[in-house]
1. Go through (1) over 22 Å from A:Val13 (Cα atoms); (2) in contact with a helix residue (DSSP H, G or I) (Cβ under 9 Å, 6 or more places away or on another chain) and name the single condition A:Asp85 misses.
2. Could you list, ordered by first residue, the pairs with Cβ atoms under 6 Å in which the first is in segment B:28-41 and in contact (Cβ under 8 Å) with a residue 12 or more places away in the chain and under 18 Å from A:Gln6 (Cβ atoms) and the second is surrounded by fewer than 21 Cβ atoms within 10 Å (Cβ to Cβ) and β-branched (Val, Ile, Thr), at least 6 apart or interchain?
3. Pick out, from segment B:17-100, the strands (runs of 3 or more DSSP E) lying fully within it that include 2 or more residues that are in contact with a Ser or Thr (Cβ under 9 Å, 6 or more places away or on another chain), farther than 24 Å from A:Leu88 by Cβ and open to solvent by 10 Å² or more (accessible area, probe 1.4 Å).
4. Within segment A:76-86, is there a residue that is away from every other protein chain (no Cβ under 11 Å), surrounded by 21 or more Cβ atoms within 10 Å (Cβ to Cβ) and touching a Cys at 6+ places or on another chain (Cβ under 8 Å)?
5. If A:Val113 satisfies every condition in (1) open to solvent by 50 Å² or more (accessible area, probe 1.4 Å); (2) out of contact with any Pro (no Cβ under 9 Å at 6 or more places or on another chain); (3) away from chain B (no Cβ under 14 Å) but one, which is the exception?
6. Can you name every residue in segment B:1-15 that is away from every other protein chain (no Cβ under 13 Å) and open to solvent by less than 40 Å² (accessible area, probe 1.4 Å)?
7. Which pairs turn up if I take residues in segment A:4-19 that are without any contact (Cβ under 8 Å) to a residue 24 or more places away in the chain and look for partners that are basic (Lys, Arg) with beta carbon separation below 6 Å, at least 6 apart in sequence or on another chain?
8. Name the residue, out of B:Gly42, B:Gly77, B:Gly58, that is touching a strand residue (DSSP E or B) at 6+ places or on another chain (Cβ under 7 Å) and away from chain A (no Cβ under 14 Å).
Amino acid sequence: AQSVAQPEDQVNVAEGNPLTVKCTYSVSGNPYLFWYVQYPNRGLQFLLKYITGDNLVKGSYGFEAEFNKSQTSFHLKKPSALVSDSALYFCAVRPPSGGSYIPTFGRGTSLIVHP
Amino acid sequence: NAGVTQTPKFRVLKTGQSMTLLCAQDMNHEYMYWYRQDPGMGLRLIHYSVGEGTTAKGEVPDGYNVSRLKKQNFLLGLESAAPSQTSVYFCASSYAPGGGYYNEQFFGPGTRLTVL
């Protein structure tokens, strides 16, 4: 069975500082990994995905994520945080083959960027 | 292109009442999903569908039923609402895997349901 862990319920960072939102996963085979963002009172929006290839994946709004196979991690990063980045962030994983290809989501991490 | 829409946006029910939540997508997606979101619990999959006329149970299917009679619509029904079903419900859709698609999902704006 696949699973995702987001070890921090909340991350606080000052505007202009780099941010990291952590995600670790467990899945059979090579994973497909996703990050989504949810702004208040809105649905989730797709940010980026890792399928194969370069371990550093770039996505929307200046976000990027680093895939680390040995540590089974897919941390979300941004070099310089904005107050407008404050939101709930979800990591998701699905196996590359087999079954119904339904992703599994982490519990989410609330990012708060202070002015 | 409206994407994924959900009806209604808000609803208050009394225990034992029934209702249907409607999800519609105009992207010709094969896969559709219903999730509920509760504080501290993240997103939990209720039911999903991999194509018109098909449905399958997710992580928390009890107390819910679904139907996918048309490819663009996915209905979630509560036959006898309970306070434990108070939640925010999200519908999502995606292409089937393959052909360059990998299940990245498109989400609707959510339905906030309160059961008294």
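1. (1)
2. Short answer, once both residue conditions are applied: B:Gln37/B:Val88.
3. Details: elements: B:19-25, B:31-38, B:42-49, B:65-67, B:73-78, B:87-94.
Here the list reads B:19-25, B:65-67, B:73-78.
4. Within segment A:76-86, one or more residues are away from every other protein chain (no Cβ under 11 Å), surrounded by 21 or more Cβ atoms within 10 Å (Cβ to Cβ) and touching a Cys at 6+ places or on another chain (Cβ under 8 Å).
5. (1)
6. B:Pro8, B:Leu13 - these are the residues of segment B:1-15 that are away from every other protein chain (no Cβ under 13 Å) and open to solvent by less than 40 Å² (accessible area, probe 1.4 Å).
7. Within 6 Å, the pairs are A:Pro7/A:Lys22.
8. Details: B:Gly42 fails: away from chain A (no Cβ under 14 Å); B:Gly58 fails: away from chain A (no Cβ under 14 Å).
The conditions single out B:Gly77.
The values are calculated or read from the model by the stated rules, or taken from the named source; none is laboratory data. Note that the coordinates shown come from a computational prediction; the quantities given were computed from them, not determined experimentally. All Cβ positions, even for glycine, are placed from backbone atoms using ideal geometry, and neighbour counts span all protein chains on display. To get the accessible areas, we keep the full protein, side chains included, count just its heavy atoms, and leave off ligands, DNA and RNA. Shrake-Rupley method; radii C 1.70, N 1.55, O 1.52, S 1.80 Å.
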